[in-house]
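J.: Got a structure for you, questions after.
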Amino acid sequence: MSRPETPDRQELERRLDDVPALSGSPRTIEQLSGGLTNVNLKVSTPSGVFVARCFGGDEGLLGIDREAEHHNSRAAAEAGVGAPVVDFRPDLGMLVIGYIDGATYDNSSFAGDGVIARVADACRRLHAGPRFVNDFDMFARQRGYLRVVRARGFALPDGYERYDGDFQQVRRVLEDHADPSMPCNNDLLAGNFVDDDDRLWLIDYEYSGNNDPCFELGNITTECELDDDQTEGLVTAYFGRRSRRDLARVRLQALTAQYGWSLWGAIQAATSSLDFDFAQWCAERFDKAAAGFSSPGFRLLLEEASRED
């Protein structure tokens, strides 16, 4: 699996002409930064400004379902946190959404005044919105990724399978004390938050699906490198109360995300032609997971996540 190459100019212009919203003239095209499985193009026409998310046809190794992404993007827009969906053209390998004119977050953004509360509010609005068409379960996703890695002979991080028992303990605790699933983005890296000063938007729904909202929060805490105080602040703001159980579940789901997504990196390291160090990306997430599973506080997290409070 590799990120699709940007089409040559003539081919790109032809494809854009086939999408009514993008066919206006004069038209300007700008490639946006970010994205490891798409080429994202900002397309400005007399009728508006749009983003054309251009994808390939070999997303199966990573478990990407473009039909589900389209449906869920529409649901997120209806919830008021996702960009409007303008067109979906799988025949052209393209999802077209409205362009949001705002500041894209980086990890340092979360230290800003009021940002943690705004992140919690945006997540609550997404989770209260229309159900998604599919479910997302990192434990099932991890099993699928591991099958791909083994079948293809891809490199696993040294010692990866040593922690499978701990990973399964987390799965049992979370499943035995499960909360209702909600529509989740499941991939809220800092770059998937866009702030237009009036509203905080959540973008990119490649891995979206109905899931435990604690996974959403846990994934944010690890991918955006929140410190302990920020993590507790996010959990408290989201749930509207301080809860040792909720905090423990979020921290366990952060471990789940680290351990599972590290295999995404292993697959990309073996297959992607993109000039990006996926092996290092994989190792960083596995090292976080290994440290968490080995921590003296791991058993306490399992106990607190089982509490009724």
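The values are calculated or read from the model by the stated rules, or taken from the named source; none is laboratory data. The shown structure was predicted, so the numbers you read here are calculated from the model rather than taken from an experiment. Cβ: placed from backbone, ideal geometry, glycine included. Neighbour counts: every protein chain shown.
J.: Take the residues of the range 18-52 that are touching a Ser or Thr at 6+ places or on another chain (Cβ under 7 Å) and β-branched (Val, Ile, Thr): which is surrounded by the most Cβ atoms within 10 Å (Cβ to Cβ)?
T.: Among them, the one singled out is 39.
J.: Could you tell me how many of the residues in the range 134-172 are more than 23 Å from residue 249 (Cα to Cα) and part of a loop (DSSP other than H, G, I, E, B)?
T.: 7
J.: Among the residues of the range 104-118, write down those that are buried (at least 20 other Cβ atoms within 10 Å of the Cβ) and part of a helix (DSSP H, G or I).
T.: Across the range 104-118, the qualifying residues are 110, 116.
J.: Something else about it: Considering only residues that are of a type in the set (A, V, I, L, M) and touching a His at 6+ places or on another chain (Cβ under 9 Å), look in the range 74-103 and name the one that is surrounded by the most Cβ atoms within 10 Å (Cβ to Cβ). Show your work before the answer.
T.: Narrowing the range 74-103 to residues of a type in the set (A, V, I, L, M): 75-77, 79, 81, 83, 85-86, 92, 94-97, 100, 103.
Narrowing further to those that are touching a His at 6+ places or on another chain (Cβ under 9 Å): 79, 85, 95.
Working: 79: 18, 85: 21, 95: 24.
Only one residue fits best here, namely 95.
J.: Now, a different point. Could you tell me whether residue 273 is farther than 24 Å from residue 115 by Cα, exposed (fewer than 15 other Cβ atoms within 10 Å of the Cβ) and either touching a helix residue (DSSP H, G or I) at 6+ places or on another chain (Cβ under 6 Å) or of a type outside the set (A, V, I, L, M) (or both)?
T.: Numbers: farther than 24 Å from residue 115 by Cα: yes; exposed (fewer than 15 other Cβ atoms within 10 Å of the Cβ): yes; either touching a helix residue (DSSP H, G or I) at 6+ places or on another chain (Cβ under 6 Å) or of a type outside the set (A, V, I, L, M) (or both): yes.
Yes, satisfied.
J.: Which numbered condition in (1) farther than 25 Å from residue 284 by Cβ; (2) free of Cβ contacts under 8 Å to residues at least 40 places away in the same chain; (3) not in a helix (DSSP H, G or I) is the only one that residue 175 fails?
T.: Every listed condition holds for residue 175 apart from (3).
J.: Looking only at the range 171-196, filter to residues that are of a type in the set (Asp, Glu) and out of contact with any strand residue (DSSP E or B) (no Cβ under 9 Å at 6 or more places or on another chain); which one of those is surrounded by the most Cβ atoms within 10 Å (Cβ to Cβ)?
T.: Here the answer is 187.
J.: Of these, 263, 274, which one is more than 16 Å from residue 214 (Cα to Cα), aliphatic (A, V, I, L, M) and not in a helix (DSSP H, G or I)?
T.: On the way: 263 fails: not in a helix (DSSP H, G or I).
That would be 274, the only listed residue that is more than 16 Å from residue 214 (Cα to Cα), aliphatic (A, V, I, L, M) and not in a helix (DSSP H, G or I).
J.: Pick from the range 30-46 the residues that are at pLDDT 90 or above and in contact with a helix residue (DSSP H, G or I) (Cβ under 7 Å, 6 or more places away or on another chain): which of them is nearest to residue 87 (Cα to Cα)?
T.: 43
J.: Which number in (1) free of Cβ contacts under 8 Å to residues at least 40 places away in the same chain; (2) in contact with a Ser or Thr (Cβ under 9 Å, 6 or more places away or on another chain); (3) part of a loop (DSSP other than H, G, I, E, B); (4) not aliphatic (A, V, I, L, M) marks the one condition that residue 258 misses?
T.: Tallying (1) free of Cβ contacts under 8 Å to residues at least 40 places away in the same chain; (2) in contact with a Ser or Thr (Cβ under 9 Å, 6 or more places away or on another chain); (3) part of a loop (DSSP other than H, G, I, E, B); (4) not aliphatic (A, V, I, L, M), residue 258 fails exactly one: (3).
J.: Of the residues 120, 68, which is small (Gly, Ala, Ser) and touching a helix residue (DSSP H, G or I) at 6+ places or on another chain (Cβ under 8 Å)?
T.: 120
J.: Quick one: how many residues across the range 277-286 are exposed (fewer than 14 other Cβ atoms within 10 Å of the Cβ) and in contact (Cβ under 8 Å) with a residue 24 or more places away in the chain?
T.: 0
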